[in-house]
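What follows is a short report on a single structure.
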Amino acid sequence: MMLSEPYPELDDMLTMMGEAGRHLADIEASEGAAGNISVCMRWPIELRTRFPVTDEIELPQPVPEMAGATFLVSGSGRRLREIIDEPAANIACIVVNEGGRTGKLYTSYLRRFERITSEFNSHLAVHYDQMLTSGTNFHAVIHAQPVYLTYLSHIPRYQDEAYINTHLLRWQPETIINLPEGIGFIPFRLPSSPELMAANVECLQRHRIVIWAKHGVMARSDVSVKRAADRVEYAETAAHYEYLNLTVGEIGEGLSAEELRAICHVFNVQQSIF
């Protein structure tokens with residue numbers, strides 16, 4: 001999908017990132033400084049009025065086809081819930097230089113972080129892959145740590161992608177409508193590692209949200225950053241239902257496969273889980 005003109009302006013994008021960050025904290029998916037947000041835009045944006053301080057940085061990987069693209073990225077150690085109050089203190093901008101190996105970093109005099117998020121390697125790799133394959137001019141990525149999804153990922157039987165999807169997507173009709181490809185699952189990988197980065201790229205080619213075992217989730221959207229946050233909430237709500245069912249001895253049965261297929265037929269949802 002391509003966003004069409006008039007494109008969101010810088011302040012609009014910062015506001016939406018702030019609203020997404022605050023909502024992730026409200027649903028207990030971003031304790032303390034946990035979680036990070038980035039967006040990538042491929043239209044001209046005036047940055048210097050809000051982010052006048054410039055520097056050069058080396059990118060985690062070469063992205064030659066994305067020369068001129070602009071990223072807005074949360075700073076390392078910053079609280080997502082505070083972006084809405086002081087976006088310039090918590091967000092950095094990166095414009096990819098010609099050749100795609102380096103970028104120009106734009107920050108504010110209000111900046112309260114030393115580096116951008118340590119997970120930017122995964123963010124950049126997913127943005128790069130999605131933009132090359134889909135041709136979109138906008139992409140948003142969120143990493144969050146929702147309690148129930150993360151807890152279930154510690155239980156061996158929920159570490160199977162087919163099992164976790166058939167059990168989580170059965171509680172609400174809205175879940176499969178909004179997550180028709182289901183939820184991806186990545187076995188534990190060290191945070192910020194090349195292995196996690198590679199697994200993210202592969203898994204998010206097939207899903208809009210993936211669980212990082214024993215760590216959290218990553219969600220993406222080519223519509224808006226708030227849509228990516230919604231996907232975290234849909235999946236976390238499903239995990240909450242599943243957790244409640246475990247606490248009462250699994251007496252709930254959820255929607256049957258036949259009922260879910262009927263829902264998908266009525267709403268024209270293409271899925272292969274049930």
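Rounded to the nearest 10 degrees, the inclination of helix 194-204 to the longest alpha-carbon principal axis of the chain is 60 degrees.
Phe51's amide H: which non-local residues (gap 5+, or another chain) put their own amide H closer than 5 Å, with H modeled 1.01 Å from N in plane and none for Pro or chain starts? HN-HN under 5 Å from Phe51: empty list. Once backbone amide H atoms are built at 1.01 Å from N, Thr102 has Leu59, Asn97 as its partners under 5 Å, excluding neighbours fewer than 5 places away on the same chain.
With helices as the sole contributors, the chain gives -11000 deg cm²/dmol at 222 nm; each DSSP H run of n ≥ 4 counts as -39500 (n - 2.57), and the sum is divided by every residue.
Diagonalising the gyration tensor over the Cα atoms of the stretch 97-199 and scaling each eigenvalue by 5 before taking the square root yields semi-axes of 31, 18, 15 Å, largest first. With both labels modelled 7 Å from their Cα along Cα-to-Cβ, the Met1 to Glu19 distance reads 1.5 nm.
How far is the Cα center of the stretch 233-274 from the Cα center of the stretch 49-98, in Å? Rounded to whole Å, the Cα centres lie 38 Å apart. Cα centroids of the stretch 170-210 and the stretch 122-138: 15 Å apart. If you wrap the tightest convex hull around every Cα atom of the chain and split its volume per residue, you get 118 Å³. When peptides 167-177, 211-221 are ranked by their average number of other Cβ atoms within 10 Å per residue, the highest-first order is 211-221, 167-177.
Given the options Arg48, Arg208, Arg78, state which has the largest fluctuation in a GNM of the chain using a 10 Å cut-off (strictly under) for Cα springs. Comparing Arg48, Arg208, Arg78 in the GNM, the peak value goes to Arg48. Computed from backbone phi, the HN-Hα couplings of the stretch 133-146 come to 7, 9, x, 5, 9, 8, 7, 10, 9, 10, 10, 9, 10, x Hz, rounded to whole numbers (Karplus: 6.51 cos²θ - 1.76 cosθ + 1.60, θ = phi - 60°; Gly and Pro given as x).
Sorted on the mean count of surrounding Cβ atoms within 10 Å across their residues, most packed first, peptides 147-155, 2-10 read 147-155, 2-10.
Need one number: % antiparallel among DSSP beta bridges in the stretch 10-255, to the nearest 5.
90
When the stretch 10-255 is described by a simple charge dipole with +1 on each Lys and Arg Cβ and -1 on each Asp and Glu Cβ, the residue from Ala89, Val210, Gly249 located farthest towards its positive end is Ala89. Helix 225-247 and the longest principal axis of the Cα set of the chain meet at an angle near 30°. Rounded to the nearest whole Hz, the Karplus-based 3J(HN,Hα) values (6.51 cos²θ - 1.76 cosθ + 1.60, θ = phi - 60°) of the stretch 252-269 follow the sequence x, 9, x, 5, 6, 4, 5, 5, 5, 5, 5, 4, 5, 5, 5, 9, 6, 9, with x at glycine and proline.
Which of rounded, prolate, oblate describes the stretch 139-252, given a ≥ b ≥ c as roots of the alpha-carbon gyration tensor eigenvalues and a/c under 1.5 marking rounded, otherwise prolate only if a/b is larger than b/c?
Numbers: a/c = 1.90, a/b = 1.28, b/c = 1.48.
Verdict is oblate for the stretch 139-252.
Close amide-amide hydrogen proximity is noted between His139 and Cys40, each under 5 Å apart and 5 or more residues distant or on a separate chain (H modeled in the peptide plane; Pro and chain starts excluded). In order along the stretch 86-101, the Karplus-derived 3J(HN,Hα) couplings, from 6.51 cos²θ - 1.76 cosθ + 1.60 at θ = phi - 60°, round to 9, x, 5, 7, 10, 10, 10, 10, 10, 10, 6, 7, 4, x, x, 8 Hz, and Gly and Pro are given as x.
Each value in this text was obtained by applying a stated rule to the coordinates, not by laboratory testing. All values derive from a computational prediction rather than experimental measurement. FYI the Cβ positions are ideal-geometry reconstructions off the backbone, even for glycines, and counts take in every protein chain you see.
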